[in-house]
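Q: The structure is given below, and queries will be raised subsequently.
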Amino acid sequence: MNEEFNFKHFLMNPFKYLAGYKALIVGLIFTLITAFINYSEKIHFDGIIDIHYNNYGTFILFIGENLINWIVFSILLLIGSRIITKIDYRVLDLFSTQIFARIPLIMASVLYMIVPFNKFTKYILWRYLDKGSEIALTTLDYILLITGMLITFVVIIYVIYLMYKSYSFITNIGKKKAVISFIVIFIITEFLLKIFYLIVLPVNNLLIE
Amino acid sequence: MFPKKCPSCGNNLKVEKLICNNCNTEIRGEYSLPLLMKLSESEQKFIIQFLLYSGSLKKMAKKLKVSYPTVRNRLDDLQNTINQFIREEEGDNE
């Protein structure tokens, strides 16, 4: 129980050392920084772990996307855990560790600043859909793209892992139940968020202009 | 460390003999270990720390430099273990 801090253990399960208000404050600070990068680079987190480039939106939208993804998923995890277990836990811990779990997404945002994803999108549009003007990709572009995509993939896997770890650790649900309920809630959340971002938000013109 | 499991087959051990250090009187019988003694060393340490921190999980977490849920989960696991022992004891008595 009284074990020394171990960085490897921290990476595998940071919530063993950090939860509650501390995790919430750190998570909110990183969310704000991520939203600022997203705003400057026009990167949208329009889904639970979706990352897309789209040249629209006010700063509020970029903060909103981060907060909505976190809050909706946390609320559904809370409901799910209350249905399948009677174990009592602090709701604050679930919400704070969920926002903390999203911190590595900042790396994906930073990568968008370095890797020419936008140029690649324009290239695909010109090459395969005959849209836009002619554009060529250099060898460096390809190297950056492949490295960027691989790192983004690893970051997304790690974020999902941390989200699961937060849920299973805070609720202390048995492994089998935790895995199944997490996957189900994850899919439901993605479905609800997609409806929100693709239908509700554009129809009501919320925060877009 | 006080042995609780048989080193040969892994079954729970029972107390057969108690001796008075003063007059060497021996009491023989078949006694089950008290519930708290059935717990592991780390579980017993946890209970002692829990009492020393007046049952405050927050204080415990702060002192042990771990998060509140870590201590909370440990308590939940301990409750499950104790409940299991109680059920086993009830089963033995029936």
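The values are calculated or read from the model by the stated rules, or taken from the named source; none is laboratory data. Nothing here was measured: the structure is a model prediction, and the numbers come from that model. A quick note on method: Cβ atoms are made from the backbone with ideal geometry, for glycine too, and the neighbour counts reach across all protein chains shown.
Q: Can you tell me which residues in region A:41-66 are crowded, with 17+ Cβ neighbours inside 10 Å and within 30 Å of residue A:172 (Cβ to Cβ)?
A: Matches in region A:41-66: A:45, A:47, A:48, A:49, A:66.
Q: Scan region A:182-192 and give yes if some residue there is in a helix (DSSP H, G or I), among the aromatic types (Phe, Trp, Tyr), out of contact with any Ser or Thr (no Cβ under 6 Å at 6 or more places or on another chain) and surrounded by fewer than 19 Cβ atoms within 10 Å (Cβ to Cβ), otherwise no.
A: yes
Q: Go through (1) within 14 Å of chain B (Cβ to nearest Cβ); (2) touching a Phe, Trp or Tyr at 6+ places or on another chain (Cβ under 7 Å) for residue A:41 and report which single condition fails.
A: (1)
Q: Moving on. Can you name every residue in region A:191-209 that is out of contact with any helix residue (DSSP H, G or I) (no Cβ under 9 Å at 6 or more places or on another chain) and modelled with pLDDT of 85 or more?
A: Scanning region A:191-209 gives A:191, A:194, A:195.
Q: Which of the numbered conditions does residue B:86 fail, given that it passes all the others? Conditions: (1) of a type in the set (A, V, I, L, M); (2) part of a helix (DSSP H, G or I); (3) surrounded by 15 or more Cβ atoms within 10 Å (Cβ to Cβ).
A: (3)
Q: Give region A:1-36 a look and list any residue that's more than 13 Å from chain B (Cβ to nearest Cβ) and more than 19 Å from residue A:161 (Cα to Cα), or say none.
A: The answer is A:25, A:28, A:29, A:32, A:33, A:34, A:35, A:36.
Q: Conditions: (1) away from chain B (no Cβ under 14 Å); (2) modelled with pLDDT of 85 or more. Residue A:117 meets all but one. Number of the miss?
A: Condition (2) is where residue A:117 drops out.
Q: Can you give me the number of residues within region A:35-94 that are within 20 Å of residue A:157 (Cα to Cα), part of a loop (DSSP other than H, G, I, E, B) and not acidic (Asp, Glu)?
A: 5
Q: Follow-up question, since we're still on this one. Residue by residue through region B:1-12, note down the ones that are surrounded by 10 or more Cβ atoms within 10 Å (Cβ to Cβ), touching a residue at least 12 places away in the same chain (Cβ under 8 Å) and not in a strand (DSSP E or B).
A: B:4
Q: Working only within region A:1-31, note down all residues that are within 28 Å of residue A:117 (Cα to Cα) and surrounded by 14 or more Cβ atoms within 10 Å (Cβ to Cβ).
A: A:27, A:28, A:30, A:31
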